Amino acid sequence: MRAPTTPRKSNRTKIAPGPAKRPAKAIANLAAAKAAARRRKRDRLTPQEIEAIFFRFREVTPEPKGELESVNAYTLLVAVALSAQATDVGVNKATRPLFQVADTPEKMVALGEEALIGYIKTIGLFRNKAKNVIALSQRLIAEHSGEVPADREALEQLPGVGRKTANVVLNMAFGMPTIAVDTHLFRVANRTGLAAGKTPLAVELGLEKVVPDAYRLHAHHWLILHGRYVCKAAKPDCPRCLIADICRFEQKTPA
């Protein structure tokens, strides 16, 4: 009987697989991203530059105003709620006759949803907005004695009211130094380097950290108007920009 044989050990040394090599393009992209991040950090606006930006805005427009028309805090709340995905011009055209017949929550509820639709049918998403306006009016009557609360949390509990709408109402109706971030302000804050952020909330919190107290009340109006008429999305009008020499936007349009 033959003794069992022991399997021969191989003399070859096993080499553990090394990490997969990154493609050259990926390495280049990563290096570029890191360089851009370092540049952004290095090129942040200084407190003196931020002061200069708002000083210039104030010199040209000491008392900026929002362009939505209203007659009281309630109609301001309704107008801002209606302005989502719509222009201020379009909202004003619809609300001028509306606010002549319904300028309080009680009158709006009495008007009713179908009649309200007749006034705002030229505004985008008018059916859902009409439903929200009636619902928020009912909540104001039931929970706040028909008055608009001067409190962000209470405002955000109302149907169709988000943080931006609440901030606009707190600022314009109650004189609080809130910052309402719309698409224009979001673009300007990121382009200029005032407050880079991937979300409206990140931009809002970033601006709250850097805007000097003396300019906080009007800051969001200056930035919104600047974005609407000068620092436009498709083609910013850099030659007539008040702050072009400070702005960190790299793709400035030539004169």
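What follows is calculated from the coordinates using simple rules that are stated; it is not laboratory data. This is a predicted model, so every value here is computed, not measured. Ideal geometry is used to build each Cβ from the backbone, glycine not excepted, and the neighbour counts take in all protein chains shown.
Observations, loosely collected:
- Averaging the sequence gap over all C-alpha pairs within less than 8 Å and six or more residues apart, then dividing by the number of residues, gives the range 87-164 a relative contact order of 27 percent.
- Net +/- balance of residues flanking residue 158 in space, Cβ distance below 14 Å, scoring K and R +1, D and E -1: +1
- Spatial separation of Cα centroids for the range 81-155 and the range 198-231, in angstrom: 26 Å
- Relative contact order (percent, whole number), the range 61-218, Cα cutoff 8 Å, 6+ residue spacing: 18 percent
- Simple spin-label estimate for residue 61 and residue 163 in nanometres, 7 Å along Cα-Cβ: 2.4 nm
- Cα gyration tensor shape for the range 112-198, rounded if a/c is under 1.5, else prolate or oblate: oblate
- Unsatisfied cross-links (Cα-Cα over 27 Å) in the set 121/235; 131/232; 93/209; 107/164; 65/235; 129/252: 121/235; 131/232; 93/209; 129/252
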